[in-house]
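K.L.:
Dropping a structure here in C-alpha cells format, bear with me for questions.
Computed from the coordinates by the stated procedures, all read-outs in this text should not be read as laboratory data. The structure presented is a predicted model; accordingly, all values stated were derived computationally and were not measured. Here the Cβ is made from the backbone with ideal geometry for all residues, glycine too, and neighbour counts use every protein chain on show.
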Amino acid sequence: MRTRSSIGFNAIPENVAAVVFSHLGDDPRDRVALAQVSKVWRDAEKSDASLPGGSLSALSALSYELYIDGKYEHSIYWLRKAADRGDVDAMFEMAERYLYFDGFGETLDHKKASEWYERASGCGHAHATYELAWCYLYKEGDGVEKNEAKAVELYFKAAELGSGIAAWDLGLFYEQGLCGVAVNKKEALKWWRVAVERSDTRDTHDTRNIHAHAKAHVTKLERELSMTHAD
C-alpha cells in the first residue's frame, strides 16, 4: 500500500521535479535512480531545465572538469547529454573520445566516431567536417568505407565552413592532381590564399602550423604563374 508521502512524491509537478534534478550534482547515478521512480520523474529528467547550470555550455564545462579530475564515466555522461541536446562542440568531442581516448569514458569505436563527426558536420562544425573527410579518404574500415569523391566533397564543405586546414589540403589536391582532382595551379593558389587567411584568424581547431606553409606556397606559386605568363 502506498503512503500519502510516496503518492505526493510521484505526483510532484514536472517543472518542480526538473528543479530537483538540476540540484543533484555531477553524479549521474542519482539522476538514473530518481528517473526510475515514475513517469513524471523520467519526463522531467529529459527536460533542459533539469540540467545542472541550466545551459549546454555548463554541461560541457562540467564534463571537462570531471575529465580533468579523472572521473571519465561521469564526464562522458554529461558530454553525451550536451551532444544529444544539440551542442555541436560536444558532438565533436564525442567523436574524438570514440576515436582516440580508449579508457577515458568510452572504448574505441571508429564507427561511432564517424557517426558523431557526421552529426556535428550536419550542424555546421568545420573541423568535424574535415575529420569526416579524413575518415573517408584514409580510414577505410574505420567506421566508413573509403570514398575519395565523398572525401573531396567534404573538404570543400569544411573549407567553406571556415577550416583553414581543409583549404590547405584542397590546394595540395589541385597542385598535385590528387583524389581525382584535375591539376589546376590557379585553383591551388586560390585555396592556399584561403588557408593563409583562415589558419591565421578563424580556425581555432587547426593545430598544425599551416599558416606559414600555405604562405610559402602562395609566394612560390605566384612567382611560378607570373613567369608562365611572362613567357
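K.L.:
Could you point to the residue in SER121, ILE210, VAL144 farthest towards the positive end of the chain's charge dipole, with +1 and -1 charges on the Cβ of Lys/Arg and Asp/Glu respectively?
P.N.:
SER121
K.L.:
Sticking with this structure for a sec: Among rounded, prolate and oblate, which fits region 14-128 when a ≥ b ≥ c are the square roots of the eigenvalues of its C-alpha gyration tensor, a/c under 1.5 means rounded, and a/b larger than b/c means prolate?
P.N.:
Prolate is the answer for region 14-128, as a/c is 1.5 or above and a/b outweighs b/c.
K.L.:
When MET94, MET227 are ordered from fewest to most other Cβ atoms inside 10 Å of their Cβ, what list results? Don't jump to the answer; show the numbers that get you there.
P.N.:
Working: MET94 27, MET227 9.
By the 10 Å Cβ count, ascending: MET227, MET94.
K.L.:
Tell me, how many Å apart are the Cα centres for region 126-170 and for region 45-69?
P.N.:
So the separation of the two Cα centres works out to 30 Å.
K.L.:
On a 0 to 90° scale, report how tilted helix 210-230 is relative to the longest principal axis of the chain, with both axes built from alpha carbons and the result rounded to the nearest 10.
P.N.:
30 degrees
K.L.:
Pairs of Cα atoms under 8 Å, at least six residues apart: use those to get the relative contact order of the chain, whole percent. Kindly include the intermediate steps, with their values, before the conclusion.
P.N.:
On the way: 343 pairs, mean separation 21.4, N = 231.
Value for the chain: 9 percent.
K.L.:
For the chain, find the longest principal axis of its Cα atoms and tell me its angle to the long axis of helix 126-138, 0 to 90°, nearest 10.
P.N.:
70 degrees
K.L.:
Under a Cβ-Cβ cut-off of 12 Å, what is the net charge of the residues other than GLU175 that fall near it, where Lys and Arg count +1 and Asp and Glu count -1?
P.N.:
+1
K.L.:
Within the set LYS157/LYS186; LYS46/LYS71; LYS46/LYS112, which residue pairs have Cα atoms separated by over 21 Å?
P.N.:
Check vs 21 Å cut-off fails for LYS46/LYS71; LYS46/LYS112.
K.L.:
If you don't mind, another one. What residue among TRP134, ALA95, PRO13 has its Cα farthest toward the positive end of the dipole of the chain, where the charges are +1 on Lys, Arg and -1 on Asp, Glu, each on the Cβ?
P.N.:
PRO13
K.L.:
If the reach is capped at under 14 angstrom between alpha carbons, list the aspartates and glutamates near LYS146, excluding any in the same chain fewer than eight residues apart.
P.N.:
Those aspartates and glutamates meeting the cut-off are GLU131.
K.L.:
State, to one decimal in nm², a quarter of the convex hull surface area for the C-alpha atoms of region 135-175, i.e. the direction-averaged projected area.
P.N.:
Working: hull surface 11.2 nm².
It is 2.8 nm².
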